[in-house]
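Presented below is the structure to which this report refers.
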Amino acid sequence: MAPEANVCVVQDKLSCHAWQKHAQARRWGGDVLPSLIHPFMRFQREQNTGAWVDSIEPCMCSQHHHILKIICVHMEYLEDIDLVVCSHRPAAIQLVSQGLFPCSPLAPTLAVSMDMLEFVSDLFVNMAPNERAWAATLTKYLKACGHEFATGDSL
Ligand SMILES: [Zn+2]
């Protein structure tokens, strides 16, 4: 195989991966996230008023229904659930209605609780920046590239 052919295969895989990531970002931003705003607001309102019920009534539409097996990550435990989805009740809307956020827009296999997301969000906001680790890594990287500081001080 010619060297040029290897480069084309690698470039095709990269462009295919980049295209898939772009398509998924478009789906999240254009379709899924806007559809989750009202279910999320309803979940928050029901949870704050104590009216929230941890169950979903079965869908009675005539569309094809299928089951998604989803691992749910809560603060204190993991839970395996079987979610019955159809075009009227997409997985993302059902999960957000239950206080969970899906890992992918259409057929998630993992969902994370809103409590866990709030905790991680707060963690990253309040986490001390580890400048020492950053400086040590950069110093090591630059040294491996042949750049060394004349002084004994690190970054
Ligand atoms: Zn249905």
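Checking the stated criteria, residue 56 turns out to be more than 15 Å from residue 111 (Cα to Cα), β-branched (Val, Ile, Thr) and touching a Lys or Arg at 6+ places or on another chain (Cβ under 9 Å). Restricted to the range 47-80, and to residues there that are in contact (Cβ under 8 Å) with a residue 24 or more places away in the chain and within 19 Å of the chain's Cα centre (by Cα), the residue that is nearest to the ligand (Cβ to nearest atom) is 68. Within the range 11-51, restricting attention to residues that are farther than 21 Å from residue 105 by Cα and open to solvent by 80 Å² or more (accessible area, probe 1.4 Å), the residue that is modelled with the highest pLDDT is 45. Quick check, is residue 104 away from the ligand (no atom under 16 Å from the Cβ), closer than 23 Å to residue 28 by Cβ and not acidic (Asp, Glu)? Spelling it out, residue 104 is indeed away from the ligand (no atom under 16 Å from the Cβ), closer than 23 Å to residue 28 by Cβ and not acidic (Asp, Glu). On the given criteria, is residue 121 surrounded by fewer than 18 Cβ atoms within 10 Å (Cβ to Cβ) and either without any contact (Cβ under 8 Å) to a residue 12 or more places away in the chain or in contact with a helix residue (DSSP H, G or I) (Cβ under 6 Å, 6 or more places away or on another chain) (or both)? For residue 121, the condition - surrounded by fewer than 18 Cβ atoms within 10 Å (Cβ to Cβ) and either without any contact (Cβ under 8 Å) to a residue 12 or more places away in the chain or in contact with a helix residue (DSSP H, G or I) (Cβ under 6 Å, 6 or more places away or on another chain) (or both) - is met. Residues in the range 57-90 that are among the β-branched types (Val, Ile, Thr) and surrounded by 14 or more Cβ atoms within 10 Å (Cβ to Cβ): 70, 71, 73, 81, 84, 85.
Quick check on the range 65-72. Is at least one of its residues in contact with a strand residue (DSSP E or B) (Cβ under 7 Å, 6 or more places away or on another chain) and either at pLDDT below 90 or part of a loop (DSSP other than H, G, I, E, B) (or both)? Yes, that holds for at least one residue.
The values are calculated or read from the model by the stated rules, or taken from the named source; none is laboratory data. Please read these numbers as outputs of a predicted model, since none were measured by experiment. When we count neighbours, we look across all protein chains shown, and the Cβ atoms used for this are built from the backbone with ideal geometry, even at glycine. When the accessible area is computed, the model is the full protein with side chains, heavy atoms only, and any ligands, DNA or RNA have been set aside. Shrake-Rupley method; radii C 1.70, N 1.55, O 1.52, S 1.80 Å.
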